[in-house]
Structures are given as C-alpha cells and as structure tokens.
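The values are calculated or read from the model by the stated rules, or taken from the named source; none is laboratory data. Note that the coordinates shown come from a computational prediction; the quantities given were computed from them, not determined experimentally. Here the Cβ positions follow ideal geometry from the backbone for every residue, glycine too, while neighbour counts run over all protein chains shown. These accessible areas exclude ligands, DNA and RNA; they are computed on the full protein's heavy atoms, side chains included. Shrake-Rupley method; radii C 1.70, N 1.55, O 1.52, S 1.80 Å.
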Amino acid sequence: MDKAAASQRANMTDPATWVDRYANDLYQYALFRVQQPPVAEDLVQETFLAAYRSRKNFQGLSSEKTWLIGILKNKVIDFFRKRDREIPTEHIEHKADTLVDEFDEKGHWKVGPAKWSVNPGTVYEQQEFMTVMQKCLSDMPARLSRIFVLREMEDFDTNQICKEMGISASNTWVMLHRARASLRNCLEINWFT
Amino acid sequence: MFDCKEVTRRVSESMDRRLPLYQRLMIRFHLKMCHLCDTYHKQMHFIREVSKCYAHASEKDNIPQCIMDAAARTRIKSVLQKQMDAEQEQA
C-alpha cells in the first residue's frame with residue numbers, strides 16, 4: 001500500500017460506526033426528496049452498502065459525510081428514474097389537471113393569498129412545518145413533486161430538467177408553476193391559516 | 001395587460017428563466033398595483049428559500065430534524081454487518 005492510499009484509509013472511520021454517525025443525516029437528505037419514510041430508509045441502506053463496497057475509492061478530499069451524501073444523491077436520482085418507468089405518464093399528467101383553480105373566469109383571484117409573516121430561515125427548523133411541507137409534496141402528483149425537488153432542491157436548470165425528465169422547456173415551466181401553486185395552496189391551508 | 005392568473009404563471013416562469021423585457025415590465029407594473037399578486041410573488045420566493053434550507057440541511061453540522069426509526073436503523077446495521085462479515089470470510 002503506498003503512502004497516499006494509507007492516509008486515505010486512515011481518514012475513514014470504521015464502517016461499523018457509519019450507521020450511528022450518519023444514518024439520521026442521510027435519512028433526512030433522502031426524506032426531504034422522496035417524502036416516503038420506507039423509501040428513504042431503503043435508499044440509506046443501499047447507500048451504506050454501496051459505500052462499503054466502494055470504500056477504496058474514498059479519496060479523503062471531502063468529509064466522509066459529504067462522500068456518503070454524494071452516493072445517496074445518485075441513489076435518489078436512480079429511484080426517481082425507476083419510478084418514472086413504472087408509473088404511466090398520462091396518469092400523472094391527468095392528475096395534475098385536477099389542481100384547485102384559484103381564479104375566476106376573468107383571471108382574477110377568487111380569494112387571494114394570505115400574508116405569511118414568517119422567516120424561511122427560522123420556520124424550516126420547526127418540526128411541524130417540515131411535516132406539513134413533506135405532506136404537501138407527497139400529496140402532489142409524483143412528477144410534479146419530482147420536478148419541484150429537481151429545481152428547488154437539486155438546483156437543476158431548465159435544460160437539465162428537460163433532459164432528466166424527457167420533457168420540453170415550456171412543459172417544464174408549466175409543471176413548475178403547477179407544483180409551486182399547489183405547494184403554496186397546501187401550505188396556506190395546512191400551516192398559515 | 002396580464003390578469004392575475006397570467007401574472008402568477010409568469011412570476012413562476014421568471015424564477016426559471018429570464019423573461020423578455022416587456023413581460024418583466026408588465027409583471028412589475030401589475031405587482032405594484034395588485035397586493036394579492038405581490039403577496040403571491042413573495043410567497044414563491046419564501047418557498048424557494050425554505051426549500052434551499054431543507055436541501056442543504058444534511059450537509060451542515062446541525063442536528064438532523066428527521067430521526068430514523070429505531071427498527072430501520074437496527075436492520076441497516078445488521079445488513080451492513082453481514083456484508084462486512086461476508087467479505088472478511090472471503091479474505
């Protein structure tokens with residue numbers, strides 16, 4: 001073993017301690033994106049197993065947690081790709097059209113949004129808000145919550161989303177609008193009023 | 001002139017691409033006149049900010065807000081341990 005490899009291995013903790021050290025962080029990462037606890041748990045398990053198998057590739061350039069999150073990130077993307085293949089698209093698109101219409105026939109607000117006087121930097125630390133946010137995302141049609149996660153959590157731009165989801169740019173913007181409008185409506189009903 | 005429904009659609013689109021100047025001006029004008037759409041606009045940015053906080057929460061050194069179920073944790077530990085034992089036996 002050369003010196004560099006020896007130091008890389010020295011930076012890695014005992015894999016037997018990984019679950020205690022990182023399970024909650026990884027679980028949180030996955031849960032924010034997939035919203036379903038059993039799926040998040042499975043993805044975390046797959047991540048630890050994959051990390052163990054490929055532990056020799058750990059360069060030690062980033063922290064162990066960052067390395068594990070990188071593996072999990074790919075697991076999450078694979079999960080969505082697999083699910084997309086299994087759920088017929090037309091079913092999902094049809095569900096998207098059943099969103100509440102908040103406007104009258106002239107395009108004016110029927111009721112209008114309420115004022116939210118909270119700071120995003122502090123409200124996200126509240127367990128109850130997080131639960132509501134996750135419920136709102138999981139109640140959304142699957143492809144809408146996915147496109148929202150890609151844009152607002154993974155910071156994908158329009159081109160990346162088009163490629164990942166196999167849709168046009170204009171379809172991307174329409175779906176993002178629907179996702180945001182749906183989330184806004186849900187948060188307002190379940191949290192702000 | 002854009003109506004409120006159209007403005008909400010364009011506000012969302014402006015978060016994903018740079019709109020043509022004419023549309024940006026129309027939106028800005030509408031938001032000045034319409035407090036409901038102005039509120040909506042602020043809420044869209046609230047949603048973006050709070051999502052960003054969640055996206056990066058695990059990478060920070062904060063205590064995680066989501067705690068994995070104890071049974072799942074035990075199961076994962078045992079699966080990982082099995083893999084480690086299997087590898088040691090092979091070696």
- Query: Using a ≥ b ≥ c from the Cα gyration tensor of segment A:122-162 (square roots of the eigenvalues), is it rounded, prolate or oblate, where a/c under 1.5 gives rounded and otherwise the larger of a/b and b/c decides, a/b for prolate?
  - Reply: oblate
- Setting aside same-chain residues fewer than 8 positions from A:Lys75, which aspartates and glutamates have a Cα under 16 Å from its Cα? A:Asp25, A:Glu41, A:Asp42, A:Glu46, A:Asp84, A:Glu154, A:Glu164
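Given a 1.4 Å probe and every protein chain left where it sits, what share in percent of the accessible area of chain B is carbon and sulfur? Please list the in-between numbers first.
Numbers: 2990 of 5330 Å².
About 56 percent, which is the carbon plus sulfur part of the accessible surface.
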- Residues in segment A:111-143 reached by a label modelled at B:Arg48 [backbone nitrogen below 19 Å; 7 Å Cα→Cβ]: A:116-124
- Using alpha carbons only, how many degrees (0 to 90, rounded to 10) separate the axis of helix A:18-34 from the longest principal axis of chain A? 20
- Anything over 29 Å Cα to Cα? Flag those among A:Lys110/A:Lys135; A:Lys82/B:Lys42; A:Lys65/B:Lys82; A:Lys163/B:Lys32, in the order listed. A:Lys82/B:Lys42; A:Lys163/B:Lys32
- Query: Per residue, how much accessible area does the protein assembly as shown show when a 1.4 Å probe rolls over the protein heavy atoms, in square angstrom?
  - Reply: 52
- Item | Label-point separation, A:Asn11 to A:Gln36 (7 Å along Cα→Cβ), nm | 3.7
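Need one word for segment A:50-193: rounded, prolate or oblate. Basis is the Cα gyration tensor (sqrt eigenvalues a ≥ b ≥ c); a/c below 1.5 gives rounded, then a/b vs b/c decides.
Values: a/c = 2.51, a/b = 1.51, b/c = 1.67.
Oblate, because a/c is 1.5 or more while a/b does not exceed b/c.
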- Note on the structure: The cysteines in chain A that find no other cysteine Cβ closer than 4.7 Å to their own Cβ are A:Cys162
- Based solely on C-alpha atoms, express the radius of gyration and the Dmax of chain B in angstrom. 24.3, 74
- Give, as a single signed number, the net charge of other residues whose beta carbon lies under 11 Å from the beta carbon of A:Trp173, with Lys and Arg counted +1 and Asp and Glu -1. +4
- Task: Find the relative contact order for chain A and round it to a whole percent, using C-alpha pairs within less than 8 Å whose residues are 6+ positions apart.
- Result: 20
- Query: Using a 1.4 Å probe on protein heavy atoms only, how many Å² of accessible area do B and A hide from each other, summed over both chains and rounded to 100?
  - Reply: 5400
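What is the local net charge at A:Asn119, summed over the other residues whose Cβ is closer than 15 Å to its Cβ (Lys, Arg +1; Asp, Glu -1)? Walk me through the numbers on the way to the answer.
Details: positive: A:Lys115, B:Lys42, B:Arg48, B:Lys52; negative: A:Glu125, B:Glu49.
Value of the local net charge: +2.
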- How well do other chains shield peptide B:75-84, expressed as the mean number of their Cβ atoms within 10 Å of each residue Cβ? 5
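For peptide A:172-183, compute the average count of partner chain beta-carbon atoms within 10 Å of each residue's beta-carbon.
4
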- Query: By how many degrees, 0 to 90 and rounded to 10, does the Cα axis of helix A:37-53 deviate from the longest principal axis of chain A?
  - Reply: 30
- By how many degrees, 0 to 90 and rounded to 10, does the Cα axis of helix A:169-187 deviate from the longest principal axis of chain A? 80
- Query: Quick one: Cα centre-to-centre distance for segment A:60-76 and segment A:131-193, in angstrom?
  - Reply: 24
- Here, A:Arg81 and A:Glu105, labelled 7 Å along Cα→Cβ, have an inter-label distance in nm of 4.8
